[in-house]
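The values are calculated or read from the model by the stated rules, or taken from the named source; none is laboratory data. Model, not experiment: these values are computed from the prediction. Reconstructed Cβ throughout: ideal geometry from the backbone, glycine too, with neighbour counts over all protein chains shown.
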Amino acid sequence: MQLDALLILAVVMFCAGLMVAITRKNAIMVLIGIELMLNAANLNLVAFSRFDPQALQGQIFTLFVITVAVAEAVVALALAFKVYHYFQTVDLDKISTLKK
Amino acid sequence: MDLETILFYFFMGLTCLSVLYIAWTKNILYAAFALMLTFLGMAGLFVFLGAEFLAITQIVVYVGGILILIIFGMMLTNKLSDKKLVTQRYQLGIGVLIAIGLGYVLIRLIANGAFRNLVWMDRSHTTTAGLKALGMQLMTQYVLAFEIIGLLLLIALIGALYIAGKVRKEESHAA
Amino acid sequence: MIDVLDILEPKNTHLLLWVLSLLGIPLISFLLSFFAGNQAPGIATLLIFINLLIATTMCFEFWSSETIIKGEWFATAGRQFTYAFYIDKLTLMMSMVVNFIGLMVHLFSVEYMRKDPCISRYFAYLGLFLFSMLLIVLSHDLLFLFVGWELVGLTSYLLIGFWWKKRKATTAANKAFIMNRVGDLGFLTGLMILFAQFQSFDLEVIKSLMIFSEIEQGQWVTSYLYAGVEIFKSVDGRWLSAAGIALFCGAVGKSAQFPLQVWLPDAMEGPTPVSALIHAATMVAAGVYMLARIFVLLDAQALEVVAIVGAVTAFMAAIAALSQFDIKKVLAYSTISQLGYMVMAMGVGAYTASLFHLFTHAFFKAGLFLTAGIIIHQLHHVESNKVSFDPQDMRVMGGLRKHMPYTFAAFLFCAMALVGLPGFTGFLSKDAILLNVAVWADLKGGGFYIPEVLAFMTVVFTSFYTFRMVFLVFFGENRLTRILGDGQITSQIKEGTRMLLIPACLLAILSISWALGLGFDAQDNWLVRALPTPIYLVPISYAAQSLVDVPDDVFKYLHPLVVSISVALALVGIIIAYFAFKPGAKMERRFTERREPVGALGQISFYHWYQDALYQKLFVQLIIWKSKGFDWIDRHMIDAFVVRFGQLQVIIAHIIKWLDRQVVDGLVHGLTLLVGSVGKIGRSMQTGNIQSQVMLSFLFLILLILIFAF
């Protein structure tokens with residue numbers, strides 16, 4: 001039960017999520033990356049919560065994060081549908097209208 | 001090394017490998033299944049970390065909800081045919097560089113952090129208060145946040161329905 | 001001392017109306033005729049008749065008086081300019097003659113020009129001519145005289161080129177005008193010299209001051225007052241001679257003297273009545289008249305030049321007249337020759353004889369031209385049927401005595417006057433000239449016998465070419481039959497109408513000496529007495545020896561000799577002409593076949609000593625060569641320079657263009673490129689791609705951690 005190992009796992013997860021979020025063109029993939037990053041944060045919270053017996057703030061915060069993640073995922077996927085309906089693609093480099 | 005420790009590291013490895021697989025693979029479907037493994041691994045780790053409720057929540061919400069949503073999203077936003085659901089990458093070099101750079105920086109921070117020496121850190125490895133304590137705290141100390149998060153879910157639900165549900169004419173024309 | 005302004009005071013202005021009417025009526029005729037159309041001949045003739053009456057009235061009114069009419073004209077640069085008219089016997093007679101011959105020519109022209117579409121223009125020009133001629137005659141101011149002088153030159157030009165559709169006529173008009181300009185240049189120079197010395201163009205002033213000018217050590221000194229200010233002029237004495245010779249240059253141009261006489265034969269391209277009026281009787285005599293007006297201002301040297309030029313002209317023109325085919329050309333050369341006589345007479349100091357000859361010549365030469373005009377007119381009528389020939393060419397004439405007897409009579413009378421047979425006016429005046437020349441030659445001696453010899457030789461030639469003309473035109477058979485092979489054509493030649501004959505016959509009658517009341521003796525008639533030779537006013541040391549001072553004995557002694565010699569020479573000329581050109585003679589038969597005379601003398605005569613060719617070579621070719629030279633310089637040097645300069649400019653422009661493009665534009669372009677690239681860099685960050693921005697934010701997060709956490 002090494003804290004450092006958990007933290008490093010969280011780092012790996014976060015970095016992998018970040019990489020996925022910034023290099024993939026597909027919006028769904030980006031969403032996956034974001035979920036990964038959220039999970040990395042959750043893992044951190046839960047890990048520190050393990051070493052704090054008095055308070056359960058870590059777990060409760062994780063609970064909220066999960067809830068927010070769900071809401072986020074729902075809204076993001078709804079947007080993805082809409083974007084796909086509008087642009088016929090969810091590739092992010094193709095749906096850029098700010099700069100042509 | 002007891003069984004508990006082996007399982008713990010098994011879950012860690014599972015999580016780590018599946019995460020790396022997500023980062024590596026081009027296939028979205030594979031990535032989604034790898035994500036499920038990650039979530040399972042996470043749930044396993046949560047159990048070992050004394051957060052049984054969170055573990056169950058993780059499985060129920062993530063695997064049963066979000067992951068299904070993601071897979072549905074994939075399917076709806078791709079014209080499924082015999083070809084593979086492959087995603088393209090760009091700025092890969094910079095992306096990898098930034099990810100590795102961030103990883104390096106964070107790992108160095110962790111190495112320098114010396115979290116074990118923190119004052120509040122209990123090294124006795126006492127088991128946690130459990131589900132009851134969590135429920136008590138949630139309903140007393142964090143009840144406002146709990147209510148607001150419920151409201152947030154409602155708003156997200158309505159919003160998602162509003163966004164995805166209604167297809168306006170001009171939009172369909174524009175498409 | 002004399003004050004010039006005193007002389008320039010207005011005087012006798014109440015008599016100005018006479019002069020103005022005499023001048024104004026031809027001017028009115030000029031203006032009216034222009035717009036009168038077909039009525040022009042009647043109106044113009046009537047006006048000139050009125051003018052003749054006025055001139056006659058003036059003769060009776062002013063005969064014995066010498067009146068100067070003077071008034072202010074304008075003042076500029078402190079100098080007073082006046083108009084001045086002089087009325088004496090000379091001007092009165094001259095205006096009589098001008099008006100009389102003018103009237104004759106008007107009458108003649110009514111018939112002669114009847115069919116011309118431009119008849120109103122013709123009579124307008126005649127009116128303008130009479131106005132300008134009378135201006136020359138009457139004015140007593142050299143500037144006014146010069147104005148009239150130029151105006152007759154203009155009208156002469158206009159009338160020579162009257163038939164402007166004929167190319168020869170327009171070139172002849174140009175030639176006359178240009179030749180006259182050359183002479184007028186001299187005239188103008190003379191005016192300037194006199195004005196520089198006397199500060200006035202008024203002849204009275206010039207004469208008054210000339211009396212008081214002196215020659216001191218070769219300097220021509222004049223001192224006088226001008227508006228109270230004393231003026232002292234001293235120039236080299238040669239300027240005095242130069243002034244005389246320069247003024248004579250004007251006469252050389254106008255009176256067709258050597259070397260400017262070449263324009264007069266060509267001027268015969270104009271209508272024949274015009275030739276009679278302008279190029280025989282009046283305008284060409286204007287030079288002689290002008291010499292008479294300035295006679296007293298000429299010094300010995302100038303007079304010698306005048307005499308020699310006159311003699312040479314008389315001789316050369318007489319030679320040229322010998323072989324011409326064109327009847328008007330013969331008359332033209334004859335006119336030049338007779339003008340040479342007049343000028344020579346002026347040069348020897350025979351003022352009276354010269355003017356006497358001017359008047360007599362005016363009548364008989366106008367008569368000759370008018371009769372020639374009748375012949376040409378009548379032949380022209382024949383020509384217009386179906387055959388074409390030159391009606392002025394004597395080769396188509398001959399035997400006209402039978403067809404037109406009155407014309408023959410008139411022509412013969414005038415011809416005898418021209419030859420100088422006793423009983424005719426020409427005899428008297430020519431005799432007077434020859435006598436004076438003989439006396440002058442005796443007086444001077446040496447080489448001055450040459451003019452005398454030339455003058456006597458001219459008598460022979462004159463009678464020869466005159467009677468050659470008479471025989472060829474009027475005797476024998478008509479050569480038209482021979483040339484055209486048409487026997488009927490001669491019967492179509494008819495006598496001229498009354499309108500043509502009356503003026504010609506009047507002039508022919510006036511060629512008889514008794515008709516003018518001159519009697520038989522040359523020395524003592526009313527005309528000679530009316531025009532006494534004036535005394536030279538130039539300083540004594542420069543003045544010529546006046547013939548007035550020669551004792552009468554000399555004249556008395558020489559007179560019979562000169563008369564007998566001249567008459568004998570004239571008869572010799574007639575006899576030679578008779579044997580050469582009597583009907584059936586060898587030369588008469590060959591006459592029609594020749595294009596030009598044979599032999600060196602014939603060639604020289606026919607081509608008038610090759611003077612035209614010489615001028616062509618000397619001046620025209622010279623100018624053409626010079627122009628070619630300038631053209632070459634222009635083309636090869638100036639143009640080349642300009643072209644090189646232009647090329648240099650182009651090269652410089654290219655360099656500047658390069659600099660502009662590479663340096664200046666480069667600077668600007670570089671700046672824009674810099675700005676653009678900075679913009680591009682900035683733009684590239686603003687990709688609009690959220691993932692890139694996330695990437696960047698994480699990059700900076702890493703950097704922040706690296707900077708602050710370690």
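For the reader, a short list of remarks on this structure follows.
- In this entry, residue A:59 is excluded by the filter for residues that are away from chain C (no Cβ under 14 Å) and either surrounded by fewer than 17 Cβ atoms within 10 Å (Cβ to Cβ) or of a type in the set (Gly, Ala, Ser) (or both).
- From the list B:111, B:160, the lone residue that is more than 30 Å from residue A:11 (Cα to Cα), at the interface with another protein chain (Cβ under 9 Å from one of its Cβ atoms) and either touching a helix residue (DSSP H, G or I) at 6+ places or on another chain (Cβ under 9 Å) or modelled with pLDDT under 90 (or both) is B:160.
- Only one of the listed residues (A:89, A:23) is polar (S, T, N, Q), more than 7 Å from every other protein chain (Cβ to nearest Cβ) and farther than 30 Å from residue B:132 by Cβ. That residue is A:89.
- Residue count for the stretch C:578-594, restricted to those that are under 22 Å from residue C:457 (Cα atoms), under 36 Å from the mean Cα position of the chain (by Cα) and free of Cβ contacts under 8 Å to residues at least 24 places away in the same chain: 0
So that you can scan it fast, the table gives a plain yes or no per residue for (1) under 35 Å from the mean Cα position of the chain (by Cα); (2) outside any helix (DSSP H, G or I):
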site: C:537; (1), (2): yes, yes
site: C:560; (1), (2): no, no
site: C:564; (1), (2): no, no
site: C:572; (1), (2): yes, no
site: C:576; (1), (2): yes, no
site: C:596; (1), (2): yes, yes
site: C:602; (1), (2): yes, no
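- Test result for residue C:170, surrounded by fewer than 21 Cβ atoms within 10 Å (Cβ to Cβ) and of a type in the set (Val, Ile, Thr): yes
- For the stretch B:60-80, filtering for residues that are in a helix (DSSP H, G or I) and either more than 7 Å from chain A (Cβ to nearest Cβ) or touching an Asp or Glu at 6+ places or on another chain (Cβ under 6 Å) (or both) leaves 9.
- Taken over the stretch C:1-20, the criterion of being surrounded by 15 or more Cβ atoms within 10 Å (Cβ to Cβ) and within 21 Å of residue C:53 (Cβ to Cβ) is satisfied by C:15, C:16, C:18, C:19.
- Only listed residue being within 9 Å of another protein chain (Cβ to nearest Cβ) and more than 14 Å from the chain's Cα centre (by Cα), chosen from B:53, B:46: B:53
- Among the residues of the stretch C:683-710, those identified as more than 12 Å from chain A (Cβ to nearest Cβ) and assigned to a helix (DSSP H, G or I) are C:700, C:703, C:704, C:705, C:706, C:707, C:708, C:709.
- As a summary of the residue check, residue C:101 satisfies the conditions (1) among the aliphatic types (A, V, I, L, M); (2) modelled with pLDDT under 90; (3) buried (at least 21 other Cβ atoms within 10 Å of the Cβ) except for the one numbered (2).
- Those residues of the stretch B:17-40 which are in contact with a Gly (Cβ under 9 Å, 6 or more places away or on another chain) and within 9 Å of chain A (Cβ to nearest Cβ), in sequence order: B:19, B:22, B:23
- Qualifying residue in the stretch A:26-35 (condition: within 7 Å of chain B (Cβ to nearest Cβ), buried (at least 18 other Cβ atoms within 10 Å of the Cβ), in contact with a helix residue (DSSP H, G or I) (Cβ under 9 Å, 6 or more places away or on another chain) and outside any helix (DSSP H, G or I)): yes
- Residue within the stretch C:335-348 that is touching an Asp or Glu at 6+ places or on another chain (Cβ under 8 Å), farther than 24 Å from residue C:498 by Cα and part of a helix (DSSP H, G or I) present: yes
- Residues in the stretch C:506-551 that are farther than 30 Å from residue C:369 by Cα, among the small types (Gly, Ala, Ser) and exposed (fewer than 15 other Cβ atoms within 10 Å of the Cβ): C:541, C:546.
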